[in-house]
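Q: Below is a structure I'd like to ask you about.
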Amino acid sequence: MPVQIIVGAQWGDEGKGKIVDHLSENVDIVARYQGGANAGHTVIIGSNQYVLHLIPSGIFHPNVICIIGNGVVVDPIALMDEIQQLQKLNIDIRGRLLISHNAHLIMPYHKLLDSMREQGSEKIGTTGRGIGPAYNDKFLRTGIRIVDLLDRSVFVKKLKRNIEEKNQLLKKIYGTNELDVDKIVDEYEAFDKKIDEYVTDTALYLNTAIANGKRILAEGAQGALLDVDHGTYPFVTSSNPTSGGACTGLGIPPTAITSVLGVVKAYSTRVGNGPFPTELVGEAGKLLREIGGEYGATTGRPRRCGWFDAVSVRYSAMINGIQNIAITKLDVLDVFDQIKICTGYQFDDKILKTFPTDVRSLESIVPMYETFEGWKSTTSNITSFSALPKNAQRYINAIAALTSTRVHLVSVGGRRDQTIFVD
Ligand code: IMP
Ligand code: MG
């Protein structure tokens, strides 16, 4: 196993943090390849809960090296916060956290522009972390990278040019105050001194590690259906959470990838706007939200909840090359009399078995369901597949069959020991 990729196969919040933490026990390196502090990866150890936004979820294993790859957009404030929090917990990150010199920086104007854009009528429901505007600058080739911090004159020149342009936008289009270049330069200089020790050529590091047979986990953030190319555009994030993003976001070749594990929740959730075919707006949706604690780990927003959608996950498995899945939060379904899985979409007089990614089709389809009897008993203390109630086994097997994947593990609670490995 040189490189295994862990991807979210739905709209994010599948529980990747827990799965990555758990699988980190047997790896040497965990690397984030895209997204930024829009992610919220929750790890529960004993009675403590930690939420990571930028630092890979392998950080709680003292022998694991954690990498923030070139594909990530790094918010210095969020990063320093996270580093400090880990230090407070006496987690030694010296020499264990490496940040790509090619990663782009999130600047204050990115966050400002993100929130300004969201005040218009074409709201995406972003996390407000400046993600879209930062990737926008990256692809416009005006972005500022971590490596630019090393040369003060280059940094100041680039920053001045950007701020002049953004100030026009802020003033003329959004009618807000302009930004002060000197203040931002000072802030980022202070940051530079603090992160210097972590910055390196992570692509070189990873490729050397691959050549030496090290075991690497690539940790995706968000989910495949939020992918800017393959998701429900424009209601997506501005990066490639799909497995293909791991190669470009880390600088490793496709030939180094040995497997892709998809993480799926036993039901569906989505935060922010955009199509969600199996959304439950009534009592069942509320129940899922309350039992599942479905509130954003980054923004605290209530998540929209609904039944498992096999059509979209099958699509996700195809795009990502998912062979194995981890099913999380099965225990949330313990109280339901009946549980549904969406097996097809009715579209006019046709039945779609494939996922249409265009928003207009998705908004007019009617989901078709198969109903399963609930198991009505507690699963959170069960440790083997065969000990699960028969109806729960049936439900899990149906998910595997309908998505053409194998179930590698089932999670029945937030703790590490609440994990059932399936043979
Ligand atoms: P952005 O990534 O902040 O630009 O937000 C774009 C869309 O992706 C919004 O619908 C967000 O709610 C969603 N999103 C971004 N990051 C996450 C995540 O980590 N989990 C779930 N949804 C996310
Ligand atoms: Mg999350």
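Q: I'd like the per residue volume of the convex hull spanned by the Cα atoms of the range 104-194, given in cubic angstrom.
A: 92
Q: How would GLU189, GLU294, GLU219 line up from fewest to most surrounding beta-carbon atoms within 10 angstrom?
A: Ascending number of Cβ neighbours within 10 Å: GLU189, GLU294, GLU219.
Q: Any idea what the relative contact order of the range 153-259 is, in percent, if you count C-alpha pairs under 8 Å spaced at least 6 apart? Please report the intermediate quantities before stating the final value.
A: Values: 66 pairs, mean separation 16.9, N = 107.
For the range 153-259, the relative contact order is 16 percent.
Q: So which lysines can LYS138 reach, going by Cα to Cα under 25 Å and dropping same-chain residues fewer than 8 places off?
A: LYS111, LYS123, LYS157, LYS158, LYS160, LYS166, LYS171, LYS172, LYS183, LYS193, LYS194
Q: If the chain between THR248 and PHE347 were fully stretched, how many nm would it gain, using 0.36 nm times the residue separation less the Cα-Cα distance? Each step should come with its number before you reach the end.
A: Details: separation 99, 0.36 × 99 = 35.64 nm, distance 3.58 nm.
Extending this stretch completely gives an extra 32.1 nm.
Q: Taking the Cβ of each residue in SER386, SER380, SER153 as the centre, tally the other Cβ atoms inside 10 Å and list the residues starting with the fewest. If you can, show how the numbers build up before the last one.
A: On the way: SER386 10, SER380 14, SER153 7.
If I rank by nearby Cβ atoms, fewest first, I get SER153, SER386, SER380.
Q: Roughly how many Å is it from the Cα centre of the range 292-328 to that of the range 97-121, as a whole number?
A: What the calculation gives is 25 Å, centre to centre.
Q: Radius of gyration and Dmax for the range 291-423's Cα atoms, expressed in Å?
A: Rg, Dmax (Cα atoms, Å): 15.7, 47.
Q: For the chain, what's the relative contact order in percent, using C-alpha pairs closer than 8 Å and at least 6 residues apart?
A: Result for the chain is 20 percent.
Q: Excluding residues on the same chain fewer than 8 positions from LYS340, give the lysines whose Cα lies under 28 Å from its Cα.
A: LYS16, LYS18, LYS265, LYS286, LYS329, LYS350, LYS353, LYS376, LYS390
Q: Residue separation times 0.36 nm, minus the C-alpha to C-alpha distance between THR258 and ILE173: what's the value?
A: That pair, THR258 and ILE173, stretches by 25.8 nm at full extension.
Q: Let me ask you something else. Please report the base-10 log of the normalised intensity I(q)/I(0) for the chain, using a Debye sum with one equal scatterer per alpha carbon and no solvent, at each q in 0.10 (1/Å).
A: For the requested q values the scattering log ratios are -0.68.
Q: Still on this structure, please answer the following. If you average the C-alpha positions of the range 48-89 and of the range 126-193 separately, how far apart do those two centres end up, in angstrom?
A: 23
Q: Right, here's the next one. Tilt of helix 76-88 relative to the longest C-alpha principal axis of the chain, in degrees (0 to 90, nearest 10)?
A: Approximately 70 degrees, to the nearest ten.
Q: Using the count of nearby Cβ atoms within 10 Å as a rough guide to exposure, how do TRP11, TRP307, TRP375 rank from fewest to most?
A: Going from sparsest to densest Cβ surroundings: TRP375, TRP307, TRP11.
Q: Taking N as the number of residues in the range 1-54, what is its alpha-carbon radius of gyration divided by 2.2 N^0.38 Å?
A: Dividing the Cα radius of gyration by 2.2 N^0.38 Å gives 1.14.
Q: Distance in nm between label sites at GLU189 and ASN391, each 7 Å beyond Cα in the beta-carbon direction?
A: 6.6
Q: Compare THR258, THR126, THR299 in a GNM of the chain, Cα atoms joined below 10 Å, and give the one with the largest fluctuation.
A: THR258
Q: I'm checking a number: the convex hull volume of the Cα atoms of the range 130-264, normalised per residue, in Å³. What is it? Please report the intermediate quantities before stating the final value.
A: Working: hull volume 20.1 nm³, N = 135.
In the range 130-264, the Cα convex hull volume per residue is 149 Å³.
Q: What are the residues whose amide H is under 5 Å from the amide H of ILE65, where those residues sit 5 or more places off or on another chain and H is modelled from the backbone?
A: Sorted by chain and number, the residues that satisfy this are ILE29, VAL30.
Q: Which whole-Hz couplings ³J(HN,Hα) result when phi for each residue of the range 241-249 is put into the Karplus expression 6.51 cos²θ - 1.76 cosθ + 1.60, θ = phi - 60°, listed in order with x for Gly and Pro?
A: x, 5, 4, x, x, 5, 5, 6, x
Q: Okay, next question. Want the number for PHE139 to GLU118: 0.36 nm per residue separation, take away the alpha-carbon distance, what's left? Write out the running numbers ahead of the final one.
A: Values: separation 21, 0.36 × 21 = 7.56 nm, distance 2.06 nm.
Gain on extension, PHE139 to GLU118, equals 5.5 nm.
Q: Another question, if that's okay. Apply the Karplus curve 6.51 cos²θ - 1.76 cosθ + 1.60, θ = phi - 60°, to the phi angles in the range 262-279 and return the couplings in whole Hz, x for Gly and Pro.
A: Each residue of the range 262-279 in turn: x, 9, 10, 7, 5, 9, 10, 9, 8, 10, x, 8, x, x, 8, x, 9, 4 Hz.
Q: Could you work out the helix-only [θ] at 222 nm for the chain, with each DSSP H run of four or more residues adding -39,500 (n - 2.57) and the total divided by the number of residues, to the nearest 500 deg cm²/dmol?
A: Taken over the chain, the calculation gives -9500 deg cm²/dmol.
Q: Can you tell me the order of 394-402, 171-179, 131-139 when each peptide is scored by its average per-residue count of other Cβ atoms within 10 angstrom, highest first?
A: Sorting 394-402, 171-179, 131-139 by mean packing, highest first, produces 131-139, 394-402, 171-179.
No lab work stands behind these numbers, since they all come straight from the coordinates. Here the structure is a predicted model, which means the values were calculated and not measured. A quick note on method: Cβ atoms are made from the backbone with ideal geometry, for glycine too, and the neighbour counts reach across all protein chains shown.
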